[in-house]
Amino acid sequence: MTSSASATDLGAATDAQRRTWTRGDFHEIARHNVVMAERLCPAVGLHAGERVLDVACGTGTAALVAARHYSEVTGIDFAPSLIDRAQLRAAAEGYDVTLRVADAQELPFEDDSFDVVLSIYGVQFAPDQPTAASELLRVCRPGGRIGLASPMPEGWSGDLFSTHARYAPPPPGVESPLRWGTEDGVQALLGHGVSWLRNEPRPALQYYRSVEHAVDVFSTWFGPTLSAMERIEPDRQGELLRDLAEVFRRYNRATDGTAVVENTYLETVAVVA
Ligand SMILES: C[S@@+](CC[C@H](N)C(=O)[O-])C[C@H]1O[C@@H](n2cnc3c(N)ncnc32)[C@H](O)[C@@H]1O
């Protein structure tokens, strides 16, 4: 638990997070995370037959990539609507993936249940970071691997989340998810339970019709943007959308009027002690 937030505060922050991620439809955004999952599975050396857990799987981004490796996949997320969509996607592809509603801070699995534990922009949002980190370590067997793709303070993700926070500040005392996107943060959270750890910034490109289209996608489907819009006065909503357009513009590498937004994230691979 963080020193400045009580268990009650963390519980309330978790409930607020669940409401946030249930808004909109993260499936519309998740397409941008597939490239991270495609890299993360080989980065952790995922092999056929291994037991894999995708923590905060959303609509199944990493779970479905792992299933293509003929591994035994389980995905959990605390948003029931996203688990429903993940189930539809797994069925459409004909994969036998176990998908359950659960909280990353209280994983419903025995110790050492998995060979590989993955989380892409997922566990990082849990308000009780030390507990969430301990849960990753607990359910992964000794010698098993943890693979994370985390938003970094530098770059598009950090810019996006701090822009939201300027309009709709997070509850006091709750650590930023961007802590997982720093070497020191990862070391503090996982270092005590691992025998090997590597952090590597990686670029991932997101493709949109234009910067305006990117803002439209986020203001229509992205839970954190919708939550921030709801929390501010109507006259500030336009201001937030203009600031978001500036964020997308800053990382846009396209020169043909479309948008190719470069997002640098931190890829962490760790071996559990
Ligand atoms: C940015 S989305 C990423 C989803 C998915 N990992 C992907 O890459 O497409 C964040 C996800 O984390 C989930 N989440 C956040 N906090 C969680 C928690 N404490 N327990 C379980 N899921 C959580 C949200 O419901 C949401 O699906």
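The values are calculated or read from the model by the stated rules, or taken from the named source; none is laboratory data. Computed from a predicted model, the values in this text were never measured in an experiment. All Cβ positions, even for glycine, are placed from backbone atoms using ideal geometry, and neighbour counts span all protein chains on display.
For the stretch 124-243, the helices (runs of 4 or more DSSP H) that sit wholly inside it and include 1 or more residues that are farther than 23 Å from residue 58 by Cα are 156-167, 183-190, 211-221, 223-231. Of the residues 9, 54, 15, the single one that is surrounded by 20 or more Cβ atoms within 10 Å (Cβ to Cβ) and among the charged types (D, E, K, R) is 54.
Residue pairs whose Cβ atoms lie under 6 Å apart, separated by 6 or more positions or on different chains, with the first residue in the stretch 122-147 and among the acidic types (Asp, Glu) and the second more than 8 Å from the ligand (Cβ to nearest atom), are 128/1; 128/10; 135/107. Taken together, 75, 45, 58 contain a single residue that is at pLDDT 95 or above and either touching a Phe, Trp or Tyr at 6+ places or on another chain (Cβ under 8 Å) or among the hydroxyl-bearing types (Ser, Thr, Tyr) (or both), which is 58. Among the conditions (1) closer than 12 Å to residue 78 by Cβ; (2) touching a strand residue (DSSP E or B) at 6+ places or on another chain (Cβ under 8 Å); (3) surrounded by fewer than 24 Cβ atoms within 10 Å (Cβ to Cβ), residue 137 misses just one, which is (1). Has the stretch 89-111 got any residue that is on the phi > 0 side of the Ramachandran plot and buried (at least 24 other Cβ atoms within 10 Å of the Cβ)? No; the residues of the stretch 89-111 include none that is on the phi > 0 side of the Ramachandran plot and buried (at least 24 other Cβ atoms within 10 Å of the Cβ).
If I go through the stretch 8-46 residue by residue, how many of them are without any contact (Cβ under 8 Å) to a residue 40 or more places away in the chain and over 30 Å from residue 216 (Cα atoms)? Steps first, answer last, please.
First pass over the stretch 8-46, keeping only residues without any contact (Cβ under 8 Å) to a residue 40 or more places away in the chain: 8, 11, 15, 30-31, 34, 38, 42.
Those still in the list that are over 30 Å from residue 216 (Cα atoms) too: 8, 11, 42.
Residues flagged as without any contact (Cβ under 8 Å) to a residue 40 or more places away in the chain and over 30 Å from residue 216 (Cα atoms) within the stretch 8-46 amount to 3.
For the stretch 164-187, state whether one or more residues are of a type outside the set (Val, Ile, Thr), farther than 30 Å from residue 12 by Cα, at pLDDT 95 or above and more than 18 Å from the chain's Cα centre (by Cα). No, there is no match, as no residue in the stretch 164-187 is of a type outside the set (Val, Ile, Thr), farther than 30 Å from residue 12 by Cα, at pLDDT 95 or above and more than 18 Å from the chain's Cα centre (by Cα).
Across the stretch 220-244, the number of residues qualifying as of a type in the set (Ser, Thr, Tyr), closer than 17 Å to residue 31 by Cβ and buried (at least 16 other Cβ atoms within 10 Å of the Cβ) comes to 1.
Consider the stretch 105-143 and keep the residues that are closer than 25 Å to residue 30 by Cα and more than 19 Å from the chain's Cα centre (by Cα). The one that is nearest to the ligand (Cβ to nearest atom) is 108.
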